[in-house]
1. Scan the range D:176-185 for residues that are among the charged types (D, E, K, R) and open to solvent by 30 Å² or more (accessible area, probe 1.4 Å) and jot them down.
2. Residue check: is residue C:198 within 21 Å of the chain's Cα centre (by Cα), modelled with pLDDT of 95 or more, away from chain A (no Cβ under 14 Å) and surrounded by fewer than 23 Cβ atoms within 10 Å (Cβ to Cβ)?
3. Tell me, please, whether a residue that is in a loop (DSSP other than H, G, I, E, B), facing chain A (nearest Cβ under 9 Å) and crowded, with 23+ Cβ neighbours inside 10 Å can be found in the range B:158-175.
4. Is one or more of the residues making up the range A:46-55 closer than 17 Å to residue A:213 by Cβ, of a type in the set (Lys, Arg), outside any loop (DSSP other than H, G, I, E, B) and within 24 Å of the chain's Cα centre (by Cα)?
5. So, restricting to helices (runs of 4 or more DSSP H) that lie completely within the range D:229-342, which ones have at least 3 residues that are closer than 22 Å to residue D:194 by Cβ?
6. Any residue at all in the range D:5-23 that is within 11 Å of another protein chain (Cβ to nearest Cβ), open to solvent by less than 30 Å² (accessible area, probe 1.4 Å) and outside any strand (DSSP E or B)?
7. If we keep just the residues of the range C:186-195 that are more than 9 Å from chain D (Cβ to nearest Cβ) and modelled with pLDDT of 95 or more, which is surrounded by the fewest Cβ atoms within 10 Å (Cβ to Cβ)?
8. Just to be sure I understand, how many residues within the range C:312-331 are farther than 20 Å from residue C:283 by Cβ and open to solvent by less than 40 Å² (accessible area, probe 1.4 Å)?
Protein chains: 4
Amino acid sequence: MTLKQEIITLNEERNVTLTAMIQSVEGEFSFKERPAVIVMPGGGYSFLSDREAEVVAYPYLAAGYHAFVLRYSVGEHRAWPNPLNDYEQAYAYIRARAEEWHVIMDKIAVIGFSAGGHLAASAATMAENRPNAAILIYAALDQHISSACQPGIEIPAPMDHVDGKTPACFLAASRDDMVVPISNTVHFLDELDKYGITYECHIYPFGNHGFSTGESYLNGELSSRTPHWVADSIAFLEDLFGKLTAEGMTTPACSPKQNANADETLSVKCTVGYLRQFTGKVPELIPYFEQVDELGDRLFGDAGASVADQLCFNVLFGMFGKSEEELQQMEERLRAIPNITDDAKR
Amino acid sequence: MTLKQEIITLNEERNVTLTAMIQSVEGEFSFKERPAVIVMPGGGYSFLSDREAEVVAYPYLAAGYHAFVLRYSVGEHRAWPNPLNDYEQAYAYIRARAEEWHVIMDKIAVIGFSAGGHLAASAATMAENRPNAAILIYAALDQHISSACQPGIEIPAPMDHVDGKTPACFLAASRDDMVVPISNTVHFLDELDKYGITYECHIYPFGNHGFSTGESYLNGELSSRTPHWVADSIAFLEDLFGKLTAEGMTTPACSPKQNANADETLSVKCTVGYLRQFTGKVPELIPYFEQVDELGDRLFGDAGASVADQLCFNVLFGMFGKSEEELQQMEERLRAIPNITDDAKR
Amino acid sequence: MTLKQEIITLNEERNVTLTAMIQSVEGEFSFKERPAVIVMPGGGYSFLSDREAEVVAYPYLAAGYHAFVLRYSVGEHRAWPNPLNDYEQAYAYIRARAEEWHVIMDKIAVIGFSAGGHLAASAATMAENRPNAAILIYAALDQHISSACQPGIEIPAPMDHVDGKTPACFLAASRDDMVVPISNTVHFLDELDKYGITYECHIYPFGNHGFSTGESYLNGELSSRTPHWVADSIAFLEDLFGKLTAEGMTTPACSPKQNANADETLSVKCTVGYLRQFTGKVPELIPYFEQVDELGDRLFGDAGASVADQLCFNVLFGMFGKSEEELQQMEERLRAIPNITDDAKR
Amino acid sequence: MTLKQEIITLNEERNVTLTAMIQSVEGEFSFKERPAVIVMPGGGYSFLSDREAEVVAYPYLAAGYHAFVLRYSVGEHRAWPNPLNDYEQAYAYIRARAEEWHVIMDKIAVIGFSAGGHLAASAATMAENRPNAAILIYAALDQHISSACQPGIEIPAPMDHVDGKTPACFLAASRDDMVVPISNTVHFLDELDKYGITYECHIYPFGNHGFSTGESYLNGELSSRTPHWVADSIAFLEDLFGKLTAEGMTTPACSPKQNANADETLSVKCTVGYLRQFTGKVPELIPYFEQVDELGDRLFGDAGASVADQLCFNVLFGMFGKSEEELQQMEERLRAIPNITDDAKR
């Protein structure tokens, strides 16, 4: 068999299970390990939707991934942080068997729907064991909806916990979602932007809540584009993780971060706008800013500065004919400065 | 010939032209008229990009649309509102020849790129002659970028002019756009949401600015999904306008508005949340709100109300077993109340 | 769990197994049963390729099918008809558990690759238990290749056994296949045509032999279209079986037969050309043929008759303004005549 | 304008026109010339279908091609070889203006539908100016249908004129075509195979005749795959011609020939089976054949020889550990032998 299904009870009392769907490596498959996805069904933390479980795993299995379905604490056991603890336990369990199962531990994506999207996004923003990508489908992300999922219990909203360690995210939802307002998805993009995190996002004009993979047997009326998120998310993971080939994973096409604004130290890969607040500590930056502002004024008038501000600082070295050596020196200089600032200015 | 190309000079002094690409109707084509698109190339109001002109029109022509390319005022003639006036003039010109050309005047979409996206979005939010849909590709929408396109000139930002008459919008951009920050696209969704306007949006993880249709001869590295926006936007127009078939246009699958919150009077199609502020004028609403709040509390705790608030009010009639007659009566009652309120609460 | 994997030993001595991948019905899935596919890996009857086994099942599982992988007799146990007997046994086994597993027994497709395609095509043309569709991927179909797979053993070629009971077929292969010549696929279409059997066929310009699902980790260089066969075959099954929806299977869009030329009796759905040889037994046909020939001559000259010959005879009734009643009478008349003729004239 | 439409009268008496749709090069388009397609509408040589004319050109324009629509001699002027002469004249006209229009003259594809497919295939098999690829959509290819299109006139069938100079072909049709039997497409593949010509072919299960590009406004019921032929044919041309990029055309992924069996001299790229008939003239071949036959017998029994026969002879050098030098010597030896043989043995 080239697929082994194993059901692991993680917590008998809370009825938490991890269904492992492990594919072969070696032999006719010429690579030695595979990336993996962990699927988290929705159900408002009241139940676990069968429509967002194994059926979600198949396309990722087809694309070469190992797949796990995490059936986390719901109903009477729902109280936060039980579900997040379930995720941490599942992650640790997978890590413990990674060698046996041939899992690439730094290429693990979580996929969550609705309340399962709340859990996946919590894993991405608050867990000790962060996944390497999060696929968030009509996910509950803001405080209102997070609280609505767990009435009477204090529960954090992933929206408020995005940080510099948050992995790249893929989001999809319907514009007419009547259960989780579309602002959950839209505002989350802004939070990711604050930390320069790479993302992909698709908002379909109709399809409401709960469309799962968009297969016709799971749904009523959907926009024709709604089912595309599945293949798109696989292509997104390929961009981010590389593509599984006969020779193993290729080099990724895309970095998980747009810039270094959320790193622990400064860097030439911070944006111009971000570095502006550090001229006190690094006065060598000033001539660059003056030059770029002058150029911006000439090209764009008053708005010039803001156009330049989102460039990564290292781009200026090329524009201004500076040498690779000067760039290296500046990088060393900046890497020595701790990146401590007011979050609002990121 | 089944395609006639005609180049119309709209303003000789400002070098404004409209290239009409008009397709046959009748004869072997069994329908009598066609919808249309108006393409507005980008170029920062300094020039007009050839890469965002006729090449954009082909897929819409293939889908059965008439296509126009508007070469509006740029360079020395760029000063606002020249470009918007060019649009108004183009629209009036098309209307004047609509019968001859067999154009369906209430199924016209504008398609704009970058600064052309600023113009298309201005047409959608500020023009006298609003189009029926706007396709905004890496469009300049906020004040900073709008001003950067026209240094020294006062120019409005479409972001600040979305209103209840804004048509449904389709937006696409790259998350790593270094010229027009992705917040232009993301924040515009929020503005559309305030007025309940239908939209579709795709943000690709990389591809920067200026990818046009995503064809390989126009670009360097793009995400594999980037070129999908073209077919997706055609499908969006089909959802919105109906599909051109041998028998003419089909019934649309999708309404341009999510609710009636931005109509001139109240309606049962306003959302629950929106109608809450009118209980003074329509006390008959109160029992419905009480009932839905009680239900929400029971299901979702404190957050219950906010979950219900985005439902269209008419949905409650079904939930609470009310008759079609009661719904009609309430609609008459509400339609008599002018929809005057504080915009911030929409 | 919504997927149950079970490995059934069908023949311990010959190491024949059936891996069942059974999905849930009822509950959140609102339908009561599912169609199924049986996958037959290739390997020249010497071994069973892991690259054409479970990995093939995933897309059909995603589309709502139950999936089975049949590991039939190979190597020392390969001698024909062992593999075909394995299929018959697998089919009987599935039928015995169809109620328990909720399998729609008249919506079962076989999917075979290379030598597995020989077996799948043998099931479709020679088995007692015919499947309802056959998906034949770079399948070994003619006598030369069939014999090459089983040196020294007498083995029939599916090419020579197509008959009126053969189900609709889907075929895909590479034009540059160096192992199984493309004529295996091309000539099989002619055999299907003789019996009026519905088919779909895709031949890709390069990709050689053994591309399986076309996933990059299974292959080297392929044409960009090669991986499309998987989704295309699912759409073909939808056309033929109907589509699985929340309410069960829809009505098929497509008939498994083009005409009734291979039925046991004559019918108005036989083609004009086929019925011409029965004017002795049914002289009432003659006036129709005279009228259509006259029309053909006028429109197409000498070749007129051959153009009309492939029309189903019932089409003439509409063309010649005959009533539905006359059509019914003719159908009764023809259904009484046994369809006995020289095969070469079908 | 980046598109110039020009209508050229090629033959006033016969009402023959060439509509040129010429796109810009240079400037913002960084390449210097473009490949081209020539579209030939169908209509049984009685008329020219508007549904298979400019509407077909758009997707190729979008892909970067120049496009021409040839309105050839029909109706009273239909008599063969008028239409083929029109093609030759059109080709010569394009060549005369190739420099002005920036056409890559060795990357020209013809696209023909039905009777236009007869003309396109005639151009590919019988013209003095052969195109570099032929896209044949529900094309009339055999003698019966060719004659049916031109009653009373002697007209050749492309089926009977495939030769070693025939370019690579892309074919698409419906299995249930009631006007041009599917055998026209299927049997043409066999003719291409005789000369080792590269092809791609898609046969859809339903859609009848005349589906053009498959757009909904041109059709009734089609299989969901039918419209795919357009994008597939563009990808096929990319494989064959290379892809248009900002830097010009890339290297093709695919050769127009599978082997050299139809070249003017022998070559190591002839197939083993083909070279077998030349052992009299080139006895050095004999040891290779003996070795491969022995191997074939061992692996495949009686059928062994036929399996090896389709390999290109040069592949054996690698299999048998021969040096690149030996391969070169054999190539020189074979290139000196004229390829004269009985066509039936190709």
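The values are calculated or read from the model by the stated rules, or taken from the named source; none is laboratory data. As the structure is a prediction and not an experimental result, all values here were calculated from the model. Cβ atoms come from the backbone with ideal geometry, glycine included; neighbour counts cover every protein chain shown. The accessibility values were calculated without ligands, DNA or RNA, using every heavy atom of the protein model including side chains. Shrake-Rupley method; radii C 1.70, N 1.55, O 1.52, S 1.80 Å.
1. To start, the set of residues in the range D:176-185 that are among the charged types (D, E, K, R) comprises D:176-177.
If the condition is that a residue be among the charged types (D, E, K, R) and open to solvent by 30 Å² or more (accessible area, probe 1.4 Å), then D:176 is the only one that fits.
2. Details: within 21 Å of the chain's Cα centre (by Cα): yes; modelled with pLDDT of 95 or more: yes; away from chain A (no Cβ under 14 Å): yes; surrounded by fewer than 23 Cβ atoms within 10 Å (Cβ to Cβ): yes.
So residue C:198 passes the test.
3. We begin by selecting, within the range B:158-175, every residue in a loop (DSSP other than H, G, I, E, B); these are B:161-167, B:175.
Now drop any that are not facing chain A (nearest Cβ under 9 Å), which leaves B:175.
In the following step, the residues that additionally are crowded, with 23+ Cβ neighbours inside 10 Å were identified as B:175.
Yes, that holds for at least one residue.
4. First, pick out the residues of the range A:46-55 that are closer than 17 Å to residue A:213 by Cβ: A:48-55.
In the following step, the residues that additionally are of a type in the set (Lys, Arg) were identified as A:51.
Pick out the ones that are also outside any loop (DSSP other than H, G, I, E, B) and you get A:51.
Remaining after also requiring within 24 Å of the chain's Cα centre (by Cα): A:51.
Yes, that holds for at least one residue.
5. Numbers: elements: D:272-275, D:286-300, D:304-309, D:313-319, D:324-335.
Passing ranges, in order: D:272-275, D:304-309, D:313-319.
6. No.
7. As a first pass, look at the range C:186-195 and keep what is more than 9 Å from chain D (Cβ to nearest Cβ): C:188, C:191, C:194-195.
Checking which are modelled with pLDDT of 95 or more leaves us with C:188, C:191.
Numbers: C:188: 26, C:191: 19.
Only one residue fits best here, namely C:191.
8. 1
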